[in-house]
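Rule-based calculations on the coordinates, nothing more; no lab input. Note that the coordinates shown come from a computational prediction; the quantities given were computed from them, not determined experimentally. A quick note on method: Cβ atoms are made from the backbone with ideal geometry, for glycine too, and the neighbour counts reach across all protein chains shown.
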Amino acid sequence: MHVLITGGAGYIGSLLTGKLLYDGHRVTIVDKLMFGGDALLAYMNHPNFQFRYADLTETRVTPFIGDADAVVHLPAIVGFPACQSVGRGVAWRYNVEVTQEVFADAEAAGVKRFVFASTYSNYGIAETDDMVTEKSALRPQSLYAETKIASEEFLLEQAQTSHCVPVLLRFATLFGISPRTRFDLIVNQFVLEALTQRKLIIYQRGYARSFVHVYDITRAIEMVLEASQDVVGGEIFNVGSEDGNYTKDQIVALVQKHIPSVEVQYKDLSFGGDMRDIRVSFEKIRTMLGFTPTISVEDGVIEVRDAIQTGLVGNPLADRHRNARFIVQ
């Protein structure tokens with residue numbers, strides 16, 4: 001199939017592009033290259049790859065759709081700090097209005113499927129110890145989650161009448177290496193700080209989160225693209241595995257296991273923002289699509305450690321300030 005990926009030069013998109021090309025699909029990337037295009041250079045001479053430069057806050061995606069069968073929509077201002085930094089108006093423009101416009105253009109062009117990258121941040125803090133499912137109440141704790149929920153509500157409403165079928169994927173917290181690796185994510189960040197500073201400062205140590213490797217995210221997206229419309233149309237899927245439910249203490253223990261002599265300091269500090277303390281159920285995607293992650297959190301710690309130590313990733317310290325502001329998923 002021909003897949004158009006908006007925001008395809010980012011953390012997920014740059015890895016997803018390679019997977020789709022390897023599996024025989026055509027890929028068109030539309031991206032404004034805020035972080036450059038190095039992550040896409042390896043694909044430039046592939047006969048099934050094309051890149052189109054565009055800022056979708058200023059330009060509609062219509063000229064780039066062509067004969068695309070599906071759109072994977074990834075760009076966003078990601079996370080509590082970035083959304084707070086730019087303010088509600090800008091965050092809403094990027095995360096909600098652009099989603100609405102890209103979907104409208106896809107539908108008008110006859111695209112059959114629209115895959116939307118959402119987040120389990122939408123669940124916020126669970127009221128009980130029960131695992132949250134796709135039917136659980138949403139309790140957003142941040143502007144970021146509010147924008148994702150607003151986009152979800154729009155797409156679910158469109159699913160009632162549109163021939164372009166939306167599918168919503170609520171990703172667990174990502175980790176791992178991609179052509180454009182992020183280091184503002186807990187596992188990757190902890191490994192980086194353990195290696196470069198030999199010290200970790202931990203807040204909210206008992207809080208539980210869910211984690212999934214970025215490569216497994218690309219597998220889930222491809223499964224959704226290839227699945228029958230009757231199975232995935234208008235559906236919401238949590239993407240991850242119950243094996244990926246960890247507290248921060250457990251993540252720290254894995255980092256210490258594979259990076260010896262790391263000092264850990266705990267600080268009892270509460271702060272506003274993207275608060276999450278939940279355990280997530282991934283039974284739906286496992287049952288309906290047969291999806292189970294292939295890379296464990298411990299394997300991810302080792303992978304990130306080795307990539308930094310061997311120089312396979314660029315200078316992550318130099319990139320951290322950029323990554324903390326505007327992130328393309």
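Computed values, structure above
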| item | result |
| --- | --- |
| For the stretch 290-307, 3J(HN,Hα) per residue [Karplus equation, 6.51 cos²θ - 1.76 cosθ + 1.60, θ = phi - 60°, Hz, x = Gly/Pro] | x, 8, 9, x, 10, 10, 7, 4, 4, 4, x, 4, 5, 4, 5, 4, 5, 5 |
| q = 0.11, 0.18, 0.24, 0.25 Å⁻¹, the stretch 22-98: log10 I(q)/I(0) [Debye, one scatterer per Cα] | -0.36, -0.86, -1.23, -1.28 |
| Calculated P(r) tail over 16 Å for the stretch 103-163, as whole % of Cα pairs | 53 |
| The stretch 61-69 - phi-based ³J(HN,Hα) in whole Hz, Karplus 6.51/-1.76/1.60, Gly and Pro as x | 7, 3, x, 9, 6, x, 9, 4, 8 |
| Under 14 Å from LYS112, Cα to Cα: aspartates and glutamates that are on another chain or at least 8 residues apart | ASP67, ASP69, GLU226, ASP230 |
| Nearest-20 debye value, the chain charge dipole, Cβ charges on Lys, Arg, Asp, Glu | 780 |
| Cα centroid separation, the stretch 1-43 to the stretch 244-264 (Å) | 32 |
| Charge dipole magnitude, Cβ of K and R +1, D and E -1 - the stretch 1-127, Cα centre, debye nearest 20 | 80 |
| Projected-area average for the stretch 1-65 over all orientations - Cα convex hull basis, square nanometres | 4.1 |
| Distant-in-sequence amide H partners of VAL115 (H built 1.01 Å from N, under 5 Å) | VAL71, VAL72, HIS73, VAL167 |
| Dipole magnitude (debye, nearest 20) for the stretch 22-61, charges at Cβ of Lys, Arg, Asp, Glu | 140 |
| Area projected by the alpha carbon convex hull of the stretch 141-267, averaged over all directions, nm² | 9.6 |
| Under-5 Å amide H pairs with VAL264, H placed in peptide plane, nonlocal only | LEU200 |
| For the chain, calculated [θ]222 nm from helices alone, where every DSSP H run of n ≥ 4 adds -39500 (n - 2.57) | -11000 deg cm²/dmol |
| Cross-link reach list, lysines versus LYS32, counting only Cα pairs under 22 Å and skipping chain neighbours closer than eight places | LYS19, LYS148 |
| Number of Lys pairs (Cα under 21 Å; 8 or more positions apart or on different chains) in the stretch 178-287 | 5 |
| Per-selection Kirkwood Rh - the stretch 57-105 (Cα, Å, 1 d.p.) | 11.9 |
| Overall Cα dimensions of the stretch 1-137, principal axis frame, Å, largest first | 51, 32, 31 |
| Excluding exposed DSSP-loop GluC sites (Glu not before Pro) (at most 12 other C-beta within 10 Å), longest clean stretch of the chain | 128-329 |
| Long-range Cα-Cα pairs in the stretch 120-198 (distance over 20 Å), rounded percent | 52 |
| Translational diffusion of the chain, µm² s⁻¹ [Kirkwood Rh, Cα pairs; Stokes-Einstein; 20 °C; 1.002 mPa s] | 107 |
| Sequence-distant residues sharing a close amide H with PHE282 (under 5 Å, placed H) | GLU242 |
| From phi via Karplus (6.51, -1.76, 1.60), per-residue ³J(HN,Hα) for the stretch 118-125 in Hz, x at Gly/Pro | 10, 8, 6, 4, 4, 7, x, 10 |
| Equivalent ellipsoid dimensions for the stretch 58-197 as semi-axes, Å, which come from the Cα gyration tensor, largest first | 28, 20, 15 |
